[in-house]
Amino acid sequence: MQILQGIAVSPGLAIGEALVLDNEGFRIPRRFVNHDAADIELDRWAKSLKAVADQIAENRDQIASELGDEYGAIFAAHLQMLRDPKLNREIQALIKDHQHSAEYAVSKTLKDYAKVFQSLDNRFLAERANDLFDLEKRLLGDLLGQARQELANQKDPAIVLAHNLTPSETARLDPETILGFATEVGGQSDHTAIVAEALEIPAIVGIGGLLTSIVSGDRVIVDGDQGVLIHQPDEETYQRYQNRVRERAELAQELIPLVEQPSETEDGERVKLSANIEFPEEVKSCCDRGADGVGLYRTEFLFLGRDEDPSEEDHYRAYIAVAQALYPRPVVIRTLDLGADKLGREESQQSGERNPFLGVRSIRLSLRNLSLFRTQLRAVLRASALGNMRVMFPMITTLQELRQAKLVLHEVMEDLEEQGIPFDRDLQIGIMVEVPSAVMLLDRFLPEVSFVSIGTNDLTQYALAVDRGNKDVAELYRASDPAVLRLIKMTIDSALARDVPVNLCGQMCGNPLFSMLLIGLGLRSMSVRPSALLEIKQIVRHLNVTDCEEVAENVMAMEGPREIERYLSEELRRRVPEAIARRHHWVQD
Ligand code: PEP
Ligand code: MG
């Protein structure tokens with residue numbers, strides 16, 4: 001049994017067989033396949049050989065017809081190398097006799113050949129090494145593509161282990177068959193984590209060295225509560241986890257009656273509980289769990305898996321579906337937060353910004369792509385005629401940005417008016433408070449907005465200078481850091497003083513550890529992933545405001561995040577023992 005610690009990003013437990021994905025551009029694990037799997041690997045190699053040879057032959061013919069035979073000859077040479085029987089024999093031997101994966105066998109053989117060419121004192125032959133690298137890249141691309149495609153067609157339940165999964169790849173995982181996943185890189189609130197939560201797939205990220213020892217077919221356990229991956233569990237551990245899976249299912253059942261209960265503290269203080277969603281399909285889960293509305297709709301996920309930008313109708317259909325299902329409850333549409341690690345348009349992905357989190361992301365991108373922005377705003381406004389919509393601008397840093405965004409919105413309103421298209425003239429406009437500058441200038445922003453929503457995922461990274469997706473600084477990424485807590489407190493105080501509704505939609509809100517603190521700081525509106533709605537409601541119903549205020553006062557006097565989390569954990573245990581008795585992931589040992 002091997003226990004690997006990572007970062008827990010999506011709660012839940014999964015027990016099953018590993019499905020290991022290799023990684024383009026990173027590292028090809030020297031994966032030993034089981035003896036009976038060698039045939040599968042040989043078959044994969046044969047298929048790749050054929051596919052790549054066909055591809056090169058096609059390139060040769062096309063280039064020859066467009067530019068002439070001498071250019072086509074470049075590809076003819078590649079084809080000749082690829083079809084060299086010696087190369088084939090060596091790769092087959094590595095798979096058959098040494099149980100290597102097809103990827104590893106290809107990579108090793110071609111790299112060895114290239115080394116020989118490079119070592120010869122002949123410039124012409126040294127350059128041939130590049131042809132071999134090119135072949136290697138093509139073959140690996142095909143083999144890795146096969147592995148990813150297999151994932152989409154996966155029929156048997158499995159746990160995916162990969163170096164990395166992008167948010168788009170994660171979104172394509174089918175929760176029916178992919179029981180859980182773990183990756184070598186990633187951080188607590190990057191967007192892969194957010195998609196995993198949306199799909200309710202238990203997940204762990206940031207387990208460096210994960211792929212060195214695990215092969216497809218091994219039994220693994222993903223403990224998304226504690227961030228632990230267990231490889232080849234012993235019988236006792238296996239049984240213990242089977243029991244925990246059962247207990248979890250029972251607990252989920254116990255929470256169901258809370259759907260009908262109001263979200264209010266013991267002393268009758270109402271705490272609005274809305275949901276964060278990425279996909280319109282999640283609205284069902286919001287309704288089933290009695291959400292007070294959608295507090296954050298991450299609309300950039302509409303770009304997922306598309307080659308073209310979504311049309312106005314694509315936007316409209318998604319928004320109207322959510323708004324009508326929840327009506328009259330409000331739906332806060334956050335305008336596109338593309339860029340950085342978010343999915344997105346070719347140009348934002350390929351621009352190669354040095355610091356994309358500090359670059360053309362979010363509202364900055366929308367304001368530079370006005371037709372994209374207007375298309376979205378038209379759809380939101382049209383949907384506002386039928387649903388209770390609100391619009392929220394992300395990553396607002398300066399007053400000028402807010403004013404520009406509002407100006408564009410008003411221009412779109414005028415267009416609609418001219419065209420006689422109905423919309424809600426009193427549409428509420430809000431901003432995310434997720435950049436420290438917005439906190440510092442909040443008194444200037446507040447008169448110009450109807451509501452604010454604190455985005456602690458970004459506020460934490462921008463306040464502490466820690467990339468939210470980087471496992472190497474994950475220890476520093478803590479919403480419980482006193483600096484972040486002061487920013488949250490300043491925002492709440494400022495908004496309350498001016499009677500502007502304030503919500504918090506960062507992931508800390510879905511963690512019961514912080515419920516007491518946030519209520520104690522005066523927060524009365526929270527937005528969490530749908531799967532956390534009932535759990536948080538249960539906690540809220542066990543709290544009273546006076547206790548929470550005392551807890552908040554104590555926390556604000558503390559010095560460091562560890563001390564704060566330990567204290568909050570003890571207080572939760574002490575004040576809500578019924579909920580805690582069941583040991584959740586957020587209880588610290
Ligand atoms: C946040 O930053 O806290 C937030 C809710 O937005 P996102 O996670 O989509 O950046
Ligand atoms: Mg954000």
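Kindly indicate whether Asp467 is within 16 Å of ligand 1 (Cβ to nearest atom) and of a type in the set (D, E, K, R). It would help to see each step written out before you state the result.
Values: within 16 Å of ligand 1 (Cβ to nearest atom): yes; of a type in the set (D, E, K, R): yes.
So Asp467 passes the test.
Evaluate segment 275-283: report whether one residue or more is assigned to a helix (DSSP H, G or I) and of a type in the set (Phe, Trp, Tyr). It would help to see each step written out before you state the result.
If we filter segment 275-283 for residues that are assigned to a helix (DSSP H, G or I), which is where we start, we get 280-283.
Of the ones still in play, those that are also of a type in the set (Phe, Trp, Tyr) are none.
Taking every residue of segment 275-283 in turn, none turns out to be assigned to a helix (DSSP H, G or I) and of a type in the set (Phe, Trp, Tyr).
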Q.
Can you say whether Val502 is buried (at least 16 other Cβ atoms within 10 Å of the Cβ), more than 27 Å from Pro257 (Cβ to Cβ) and either of a type in the set (A, V, I, L, M, F, W, C) or in contact with a Gly (Cβ under 8 Å, 6 or more places away or on another chain) (or both), as far as the supplied structure shows?
A. yes
Q) Restricting the search to segment 60-70, which residues are of a type outside the set (A, V, I, L, M, F, W, C) and surrounded by fewer than 15 Cβ atoms within 10 Å (Cβ to Cβ)? A) Asp61, Gln62, Ser65, Glu66, Gly68, Asp69, Glu70
(Q) Given (1) touching an Asp or Glu at 6+ places or on another chain (Cβ under 6 Å); (2) among the hydrophobic types (A, V, I, L, M, F, W, C); (3) on the phi > 0 side of the Ramachandran plot, identify the lone condition not met by Leu459. (A) (3)
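To keep it simple, each residue is scored yes or no on (1) over 27 Å from the mean Cα position of the chain (by Cα); (2) closer than 30 Å to Leu517 by Cβ; (3) of a type in the set (Gly, Ala, Ser).
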position: Ile214; (1), (2), (3): no, no, no
position: Asp225; (1), (2), (3): no, yes, no
position: Gln232; (1), (2), (3): yes, no, no
position: Arg240; (1), (2), (3): yes, no, no
position: Val245; (1), (2), (3): no, no, no
position: Pro257; (1), (2), (3): yes, yes, no
position: Glu264; (1), (2), (3): yes, yes, no
Q: Go through segment 507-551 and give me each residue that's out of contact with any strand residue (DSSP E or B) (no Cβ under 6 Å at 6 or more places or on another chain), of a type in the set (Gly, Ala, Ser) and crowded, with 21+ Cβ neighbours inside 10 Å.
A: Ser515, Gly520, Ala532
Q | For Val555: the one exception among (1) surrounded by 21 or more Cβ atoms within 10 Å (Cβ to Cβ); (2) away from ligand 1 (no atom under 16 Å from the Cβ); (3) within 27 Å of the chain's Cα centre (by Cα) | A | (3)
Q | Lone unmet requirement of (1) touching a residue at least 12 places away in the same chain (Cβ under 8 Å); (2) surrounded by fewer than 17 Cβ atoms within 10 Å (Cβ to Cβ); (3) under 17 Å from Ile333 (Cβ atoms) for Val412 | A | (2)
Q. If we scan segment 15-30, do we find a residue that is of a type in the set (Phe, Trp, Tyr) and either touching a Gly at 6+ places or on another chain (Cβ under 7 Å) or at pLDDT 85 or above (or both)?
A. no
Q: Looking only at segment 405-449, count how many residues are assigned to a loop (DSSP other than H, G, I, E, B) and either within 29 Å of the chain's Cα centre (by Cα) or of a type in the set (A, V, I, L, M) (or both).
A: 6
Q | Pairs with Cβ under 8 Å, 6+ apart, first in segment 428-455 and within 21 Å of Phe357 (Cα to Cα), second within 13 Å of ligand 2 (Cβ to nearest atom) and among the charged types (D, E, K, R) | A | Met432/Arg334; Met432/Asp458; Glu434/Asp458; Val435/Asp458; Ile454/Glu434; Gly455/Glu434
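Here is a yes/no grid of residues against (1) under 16 Å from Met389 (Cα atoms); (2) outside any helix (DSSP H, G or I); (3) more than 16 Å from ligand 2 (Cβ to nearest atom):
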site: Gly295; (1), (2), (3): yes, yes, no
site: Leu302; (1), (2), (3): no, no, yes
site: Glu308; (1), (2), (3): no, yes, yes
site: Asp314; (1), (2), (3): no, no, yes
site: Arg317; (1), (2), (3): yes, no, yes
site: Ala321; (1), (2), (3): yes, no, yes
site: Val332; (1), (2), (3): yes, yes, no
site: Leu338; (1), (2), (3): no, yes, no
Q) Here are Ser480, Ser437, Ser453: which of them is more than 13 Å from ligand 2 (Cβ to nearest atom), among the polar types (S, T, N, Q), crowded, with 20+ Cβ neighbours inside 10 Å and at pLDDT 95 or above? A) Ser480
Q: May I ask you to list the residues in segment 295-319 that are surrounded by fewer than 22 Cβ atoms within 10 Å (Cβ to Cβ) and over 17 Å from Leu372 (Cβ atoms)?
A: Gly305, Arg317
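Report those helices (runs of 4 or more DSSP H) wholly inside segment 97-194 carrying at least 2 residues which are of a type in the set (Val, Ile, Thr) and touching a helix residue (DSSP H, G or I) at 6+ places or on another chain (Cβ under 8 Å). Full working, then the answer.
Values: elements: 102-119, 123-152, 167-171.
The helices (runs of 4 or more DSSP H) meeting that bar are 102-119.
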Q. Within segment 278-292, how many residues turn out to be among the small types (Gly, Ala, Ser) and buried (at least 23 other Cβ atoms within 10 Å of the Cβ)?
A. 1
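The values are calculated or read from the model by the stated rules, or taken from the named source; none is laboratory data. Quick caveat, the model's predicted, so the values are computed rather than measured. Ideal geometry is used to build each Cβ from the backbone, glycine not excepted, and the neighbour counts take in all protein chains shown.
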